[in-house]
1. Describe numerically, in nm with one decimal, the distance between label points set 7 Å from Cα along Cα→Cβ at Gln27 and at Ala103.
2. Where Lys and Arg each count +1 and Asp and Glu each count -1, what net charge lies around Ala98 among other residues with Cβ under 15 Å from its Cβ?
Amino acid sequence: MKSNKQRRAEIKAHRLERAARAVALQQRQADARLLRAEGMVAADTALLAAHNNTYGPLPSFYVDKAFTCRDCGAQEVWTAKQQKWWYEVALGSIHSTAVRCRACRLGTSRTRTTTND
């Protein structure tokens, strides 16, 4: 049987451990907010669940991605906001990425309409 002094020491140690865990959790949350601050957009996992994904976990947030245009070779950035629209609104394939800059995409669609006339 433990004495009251031993029991109080256990309670104090438990409280200190719980306080340390709370501080660590707050620090992790603050670090996550800093990471997401610039060039990141949170993903809506409920909308992404409709994707048939067998290659790994679905993203929990989108990050700006640099790419080179397939047609003209220009360096472009596929923003996190554009990715969110593509995957969640337009329901594009979760495995697809941007390959053409805006100018080439607009130019390609114009040539298609003129050749179909």
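1. 4.8
2. +4
Coordinate-derived values only; no laboratory data. None of the values given here were measured: they were computed from a predicted structure. Because the Cβ atoms are built from the backbone with ideal geometry, glycine has one as well, and the counts that use them run over all protein chains shown.
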